[in-house]
1. Using a cut-off of under 16 Å, list every residue of the range 20-49 whose amide N is near the label point 7 Å from the Cα of M1 along the Cα-to-beta-carbon line.
2. Under the Kirkwood approximation for Rh and a Cα-based Rg, what ratio Rg/Rh is obtained for the range 24-130?
3. List the lysines whose alpha-carbon lies under 16 Å from that of K113, not counting same-chain residues fewer than 8 positions away?
4. E238 versus W95, label points 7 Å from Cα toward the beta carbon: distance in nm?
5. For the chain, what is the calculated [θ] at 222 nm in deg cm²/dmol (nearest 500), taking -39500 (n - 2.57) for each run of four or more DSSP H residues and dividing by its residue count?
6. Using 0.36 nm per residue of separation minus the Cα-Cα distance, give me the extension gain between E178 and D292 in nm, one decimal.
7. How long is the gain from E310 to D271 if the chain were fully straight, where each residue apart is worth 0.36 nm and the alpha carbon distance is subtracted?
8. Sort W95, W30 by accessible area with a 1.4 Å probe, largest first.
Amino acid sequence: MIGDKKILFSGMQATGNLTLGNYLGALKNWVTLSDEYECFYSVVDLHSITVRQDPAELRKRARNLLTLYIAAGLDPEKNCLYYQSHVSGHAELAWILNCFTYMGELNRMTQFKDKAAKHTDNINAGLYTYPVLMAADILLYQADVVPVGKDQMQHLEICRDIAQRFNSVYGDVFTIPEGYLGKSGAKIMSLQDPEKKMSKSDENANASIYLMDDPDTIIRKFKRAVTDSDACVQYRDEQPGIKNLIDIYCACTNKTPDEAVKEFAGTGYGDFKLAVGESVVGVLKPVQERFDELSKDKTYIDKIIHDNAEKANYYALKTLRKVQKKVGFPERPRI
Ligand code: TYM
């Protein structure tokens, strides 16, 4: 707890172009939860270098992502928005937690298997221990709740296991975090292959809606979305393309799938797709406009980066020092 509030942690990678999946699966829920919790939202740049990055590009994307957090509605005075690389406690705790994580557990991580298959020329140890760094992120702030999309739930489970293992040896050091999935949008699928997750790294640009896509592009991509020949808007597994479009529509309008199905009963796919596209434009356009405005204000963004790095470090160090003492590291001299 910080004051009378429970603690929330989440993060996002500044790699590739963010998609509608990132927004509906994570960022949108972050904004909803931000009043209720004391929130830490990190731009996880340490995670990004598990895949080769162009340094100038990574720096630019990281800043854009932090700006986007604000543009999406997170108040930087109330929420701690910061770069993971500005708080060395993440890497230090990750090392300690590495010593409490079994290779057998890491071998089971599906994201590692997927990424290793994709980047065969660079299967590095960072990619392998990625979930341990993620556990360090969460545990460093004693987070109670972690809002993520479905694809990150396995990482959250291993984080809980590591924390429980550590606590069973040293007493109640870490809060055991709970995952939080939004009512809709926890797994947005590709518009071109609804069996596959919508992903930043998809080679087919029509498969993903990028957060910075202009309205015409968004509508065009929805018009081209792969559906089926049933010609009936229903929410069922046998129609994965339509089901995905309903999920997107519901996440953008806060309606339930039942309401959406009723609304589009008897409507052709063409009109339905257009309505989904328009609901997405309605959600993304204000974010894009605010992003453009904020990007111009360098001094304001710089101040947020400075102040929030300080705040994050303060809370991170509290946990880190406790952990270091527990595992038996000698007391630090004042330097
Ligand atoms: P990342 O950057 O891949 O994704 C950021 C968030 O977006 C969600 N997401 C989706 N949700 C619904 N549908 C989709 N198609 C979709 N694609 C992505 C992800 O689930 C995630 O919530 N490892 C994390 C970042 C991270 C983190 C953490 C998260 C690092 N440390 C600690 C929570 C707590 C990642 O790569 O997310």
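The values are calculated or read from the model by the stated rules, or taken from the named source; none is laboratory data. Fair warning: this is a prediction, and the values are worked out from it, not measured in the lab. Cβ atoms come from the backbone with ideal geometry, glycine included; neighbour counts cover every protein chain shown. Please note that ligands, DNA and RNA were not included when accessible areas were found on the heavy atoms of the full protein model with its side chains. Shrake-Rupley method; radii C 1.70, N 1.55, O 1.52, S 1.80 Å.
1. Answer for this model: 36-39.
2. Working: Rg = 15.9 Å, Rh = 15.8 Å.
My calculation puts Rg/Rh at 1.00.
3. Of all the lysines, those that pass the test against K113 - Cα under 16 Å, at least 8 places apart if same chain - are K196, K197.
4. A separation of 5.8 nm, rounded to one decimal place.
5. So the helix-based figure for the chain works out to -16500 deg cm²/dmol.
6. Working: separation 114, 0.36 × 114 = 41.04 nm, distance 3.45 nm.
37.6 nm is the gain from fully extending E178 to D292.
7. Numbers: separation 39, 0.36 × 39 = 14.04 nm, distance 5.01 nm.
Full extension from E310 to D271 adds 9.0 nm.
8. Details: W95 165, W30 0 Å².
Order by accessible area, largest first: W95, W30.
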